[in-house]
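Below: one structure, written as structure tokens.
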Amino acid sequence: TIEIGGPEKLRLDELARRALAAFRDPLEVISDPHARYYGIQVSERSLVPDNDARLGGTRFEDWLTLATKPVANAGLRRA
């Protein structure tokens with residue numbers, strides 16, 4: 001198994017907040033430190049790649065910029 005990740009270490013709630021803001025979605029993200037993820041309790045480091053992971057070079061903000069650009073083909077819609 002090869003663990004991969006991006007160059008930044010971000011919490012899942014922060015990723016959701018940034019994505020919603022980029023798409024101008026007014027939904028509010030509320031963090032629950034006791035919430036379960038697929039039935040297990042997660043810690044601050046549970047969903048973050050370990051130090052020996054292979055890291056890519058694309059930052060989340062850069063990916064969001066590309067993801068929020070208008071689609072060139074008007075027949076395509078995002079789900």
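Structural remarks
- Taken across the range 51-59, residues that are closer than 23 Å to Lys69 by Cα, out of contact with any Gly (no Cβ under 8 Å at 6 or more places or on another chain) and not hydroxyl-bearing (Ser, Thr, Tyr) do occur, with at least one present.
- Flag for Ile4 being in contact with a Leu (Cβ under 9 Å, 6 or more places away or on another chain) and either free of Cβ contacts under 8 Å to residues at least 24 places away in the same chain or among the hydrophobic types (A, V, I, L, M, F, W, C) (or both): yes
- The residue of the range 1-22 that is surrounded by the most Cβ atoms within 10 Å (Cβ to Cβ), among those that are under 14 Å from Arg45 (Cα atoms) and of a type in the set (A, V, I, L, M), is Leu10.
Quick grid of which residues meet (1) more than 12 Å from the chain's Cα centre (by Cα); (2) at pLDDT 85 or above; (3) in a helix (DSSP H, G or I):
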{"residue": "Thr1", "(1), (2), (3)": "yes, no, no"}
{"residue": "Glu8", "(1), (2), (3)": "no, yes, no"}
{"residue": "Glu14", "(1), (2), (3)": "no, yes, yes"}
{"residue": "Ala19", "(1), (2), (3)": "no, yes, yes"}
{"residue": "Val29", "(1), (2), (3)": "yes, yes, no"}
{"residue": "Pro33", "(1), (2), (3)": "yes, no, no"}
{"residue": "Val48", "(1), (2), (3)": "no, no, no"}
{"residue": "Asp52", "(1), (2), (3)": "yes, yes, no"}
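The values are calculated or read from the model by the stated rules, or taken from the named source; none is laboratory data. Predicted, not measured: the structure shown is a model, and the values here were computed from it. Note: ideal-geometry Cβ built from the backbone for every residue, glycine included; neighbour counts use all protein chains shown.
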